[in-house]
Ligand code: GEM
Ligand code: ZN
């Protein structure tokens, strides 16, 4: 009988092994976040199975945080940790089953294409080499990791800093939504491309504030949704605390220092196989001005990327019903500004599926690059024109 082994001792490693005795019936459980009940993220390495027909059964899939997320979902696998492909997967309402015959004795599995902390540090390192970028330290997380903010603008622009629009992009409050940090990577690559005319115009008219990873502790711990203390950061924005949600506390403090004219909060959605946005229509302070900006932004994104759509999403919130503990709602309400939650799928874009990869890191990067177009479409109307003096 072949000697199989499973390991998770690496960045975002997470699985519980029930039985490895039979390659055709590998039994696993998806484990919860370290200090919260949310369970959906998995990432592990299987060794010793080259050429064997494998069946992996995730026994507790039906009890995970988002069981509907398994309907139409396909597990990701990689031999080299760089290239990830979808494998044959089924879900019977309780058990998620994946079947494959790996080519090599080492194969990784993950809920979505991982984005490692080392890659996060490399992203900051490479961005910091560009003239428009200032790398700023906001403070430490509970596990002692850096909360890093990138301040990005063309300092030589004729537009005075005080007149530049403050555009915030935060990502990965929910650490298992790794597509969010892939999105930021693509956004930054285009924004820092000196040959890109849209990027050049935006850097002249805006100051961008980018937080590539809002939840580095949860990311390394292999949490789906929460930080080291078990806090769902996207429910902490009304009253963050340094001892439970320092990540939000530090970013909120920075926003209050800089001001916000547009805020984008990048996430992933377990169930809906689409890219979409959720706005602030449920906020008590929602106005026709913000509604018009939302329409312009969405129309421009539709024109810029066939991977974006507005037909599917969370639906409109009733007036005044918004939960102001969510980043997008709190920022929109506090700064009377345009603010969106951006959602990408763990599954695929059902309107434009890719049989081999489904939704992927690379496609998230392309979507992140495309969002510069809707930002350009609204940048000159984010605030009402100043009335003439006198
Ligand atoms: C979501 S944001 C929830 C927004 N819901 C509606 N109806 N606008 C969350 O935090 O639960 C973001 C995410 O995790 O993807
Ligand atoms: Zn999220």
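The values are calculated or read from the model by the stated rules, or taken from the named source; none is laboratory data. Note that this is a predicted model, so its numbers are computed, not measured. With ideal geometry, Cβ positions are generated from the backbone for all residues, glycine too; neighbour counts draw on all protein chains shown.
As a summary of the residue check, residue 349 satisfies the conditions (1) under 29 Å from residue 113 (Cβ atoms); (2) modelled with pLDDT under 95 except for the one numbered (2).
Determine, yes or no, whether residue 381 is under 20 Å from residue 208 (Cβ atoms) and either away from ligand 1 (no atom under 14 Å from the Cβ) or surrounded by fewer than 23 Cβ atoms within 10 Å (Cβ to Cβ) (or both). Spell out the reasoning first.
Details: under 20 Å from residue 208 (Cβ atoms): yes; either away from ligand 1 (no atom under 14 Å from the Cβ) or surrounded by fewer than 23 Cβ atoms within 10 Å (Cβ to Cβ) (or both): yes.
The answer is yes for residue 381.
Kindly provide the set of residues from region 325-349 that are more than 16 Å from ligand 2 (Cβ to nearest atom) and within 24 Å of residue 175 (Cα to Cα), ordered by number.
Start the filter on region 325-349 by keeping residues that are more than 16 Å from ligand 2 (Cβ to nearest atom), which leaves 332-338, 348-349.
Once the filter is applied, which keeps residues that are more than 16 Å from ligand 2 (Cβ to nearest atom) and within 24 Å of residue 175 (Cα to Cα), region 325-349 yields 332, 348, 349.
Once region 227-250 is narrowed to residues that are within 16 Å of ligand 2 (Cβ to nearest atom) and in a helix (DSSP H, G or I), the residue that is surrounded by the most Cβ atoms within 10 Å (Cβ to Cβ) is 247. Of the listed requirements (1) under 28 Å from residue 41 (Cβ atoms); (2) away from ligand 2 (no atom under 15 Å from the Cβ); (3) part of a loop (DSSP other than H, G, I, E, B), residue 194 misses just one: (1).
Taking the criterion of being without any contact (Cβ under 8 Å) to a residue 40 or more places away in the chain, more than 16 Å from ligand 1 (Cβ to nearest atom) and either assigned to a helix (DSSP H, G or I) or surrounded by fewer than 24 Cβ atoms within 10 Å (Cβ to Cβ) (or both), would at least one residue in region 211-222 satisfy it? Steps first, please.
Initially, region 211-222 is screened for residues without any contact (Cβ under 8 Å) to a residue 40 or more places away in the chain, giving none.
No: region 211-222 contains no residue that is without any contact (Cβ under 8 Å) to a residue 40 or more places away in the chain, more than 16 Å from ligand 1 (Cβ to nearest atom) and either assigned to a helix (DSSP H, G or I) or surrounded by fewer than 24 Cβ atoms within 10 Å (Cβ to Cβ) (or both).
Considering 302, 326, the condition of being under 22 Å from the mean Cα position of the chain (by Cα) and without any contact (Cβ under 8 Å) to a residue 12 or more places away in the chain is satisfied by 302 alone.
Per the listing 40, 3, the residue uniquely buried (at least 18 other Cβ atoms within 10 Å of the Cβ), out of contact with any strand residue (DSSP E or B) (no Cβ under 7 Å at 6 or more places or on another chain), in contact (Cβ under 8 Å) with a residue 40 or more places away in the chain and in a loop (DSSP other than H, G, I, E, B) is 40.
Looking at region 281-291, which of the residues that are in a helix (DSSP H, G or I) and without any contact (Cβ under 8 Å) to a residue 60 or more places away in the chain is surrounded by the fewest Cβ atoms within 10 Å (Cβ to Cβ)? Walk me through how you get there before you give the answer.
Filtering region 281-291 for residues in a helix (DSSP H, G or I) gives 288-291.
Of the ones still in play, those that are also without any contact (Cβ under 8 Å) to a residue 60 or more places away in the chain are 288, 290-291.
Working: 288: 7, 290: 20, 291: 14.
My answer is 288.
Would region 299-317 turn up any residue that is within 16 Å of ligand 2 (Cβ to nearest atom) and in contact with a strand residue (DSSP E or B) (Cβ under 9 Å, 6 or more places away or on another chain)? Yes, region 299-317 contains a residue that is within 16 Å of ligand 2 (Cβ to nearest atom) and in contact with a strand residue (DSSP E or B) (Cβ under 9 Å, 6 or more places away or on another chain).
Which members of region 253-280 meet the condition of being outside any loop (DSSP other than H, G, I, E, B) and either more than 16 Å from ligand 1 (Cβ to nearest atom) or free of Cβ contacts under 8 Å to residues at least 40 places away in the same chain (or both)? Please lay out each step first, then the result.
Going residue by residue through region 253-280, those that are outside any loop (DSSP other than H, G, I, E, B) are 253-258, 262-269, 276-278.
253, 254, 255, 256, 257, 258, 262, listed by residue number.
Residues in region 325-341 that are more than 9 Å from ligand 1 (Cβ to nearest atom) and surrounded by 19 or more Cβ atoms within 10 Å (Cβ to Cβ): 330, 331, 332, 333, 334, 335, 337, 338, 339, 340. Restricted to region 6-27, and to residues there that are surrounded by 15 or more Cβ atoms within 10 Å (Cβ to Cβ) and more than 15 Å from residue 60 (Cα to Cα), the residue that is nearest to the chain's Cα centre (by Cα) is 12.
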